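Novice: Just passing along the structure, written as structure tokens.
Coordinate-derived values only; no laboratory data. Bear in mind that the values here come from a model prediction, so they are computed numbers and not experimental data. Here the Cβ is made from the backbone with ideal geometry for all residues, glycine too, and neighbour counts use every protein chain on show.
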Amino acid sequence: MSMKFVRLSACAAMILASGVAYAQQPAAAPAQPATQDLVGVDPDWTKLCQTDPQTSKEICYVTRIFGAKSDQPFLMLAIIDPKGAPERIIQVRLPLGVPLKPGFRFGVDKGAVESGAFEVCTPNDGCVGVAKVKSAFVDGMKKGEKLSIIVKNPSGAEATALIPLAGFGKAFDGPAVDPKVAEERQKKLQEDLQKKADEERKRLESTAAPAAPAPAAPAHK
């Protein structure tokens with residue numbers, strides 16, 4: 001298994017793609033603040049494990065999708081734990097349009113800031129960034145309140161996303177979720193997000209519809 005990034009399931013990829021759609025709203029949408037608190041789009045962190053066919057060792061990863069609102073997926077975070085390796089891997093996925101350089105920075109609360117690099121941007125995966133960290137950094141995430149992800153936006157300005165870490169430690173140290181259960185959760189989430197997106201689209205279409213012309217005034221004789 002490549003250590004560059006974890007391949008999403010098809011359903012999770014669709015969820016992330018819906019985040020790309022939200023991020024590419026017309027320019028008339030309100031500008032996003034430079035620092036923004038994100039919330040979990042899915043109910044909790046999910047831990048999955050599998051065997052690396054190259055090393056025959058177990059690899060676990062803990063993931064969660066975040067957004068400005070609970071129905072607007074924007075960022076996916078994965079913490080990858082290759083069993084027996086001295087380092088862990090932080091992976092972030094953001095919508096297309098994020099500049100590949102200078103990469104991204106991240107840190108827990110007011111602790112030291114680490115750096116990562118974007119590897120690739122594709123329509124299916126968005127922009128994928130990875131960084132290797134020591135196990136001590138992950139231990140800090142277990143005890144911390146927020147993880148900051150700092151990137152440059154398309155205009156070159158710096159933007160910071162603050163990710164809540166509540167529940168991360170329990171998920172990271174706990175048992176893995178059955179893949180079938182995880183897939184069912186993702187399908188349910190995708191259905192709920194699609195329903196909300198359809199409702200929002202209809203609302204925008206109704207408010208954007210041009211008003212009917214007023215009836216012409218009768219001609220005076």
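Novice: Give the peptides 170-176, 137-143 in descending order of average Cβ contacts within 10 Å, highest first.
Specialist: The packing order, highest mean first, is 137-143, 170-176.
Novice: My understanding is that a pair violates if its Cα-Cα distance is over 28 Å; which of LYS83/LYS188; LYS47/LYS132; LYS132/LYS188 do that in this structure?
Specialist: From the list (LYS83/LYS188; LYS47/LYS132; LYS132/LYS188), the Cα-Cα distance tops 28 Å for LYS83/LYS188; LYS132/LYS188.
Novice: Taking the Cα-to-Cβ direction at VAL113 and at LEU100 and moving 7 Å from each Cα, how far apart do the two end points lie in nm?
Specialist: Going from the VAL113 label point to the LEU100 one covers 2.4 nm.
Novice: Could you calculate the FRET efficiency of LYS83 with VAL181 from 1/(1 + (r/R0)^6), where r is the beta carbon distance between them and R0 is 30 Å, rounded to 0.05?
Specialist: 0.85
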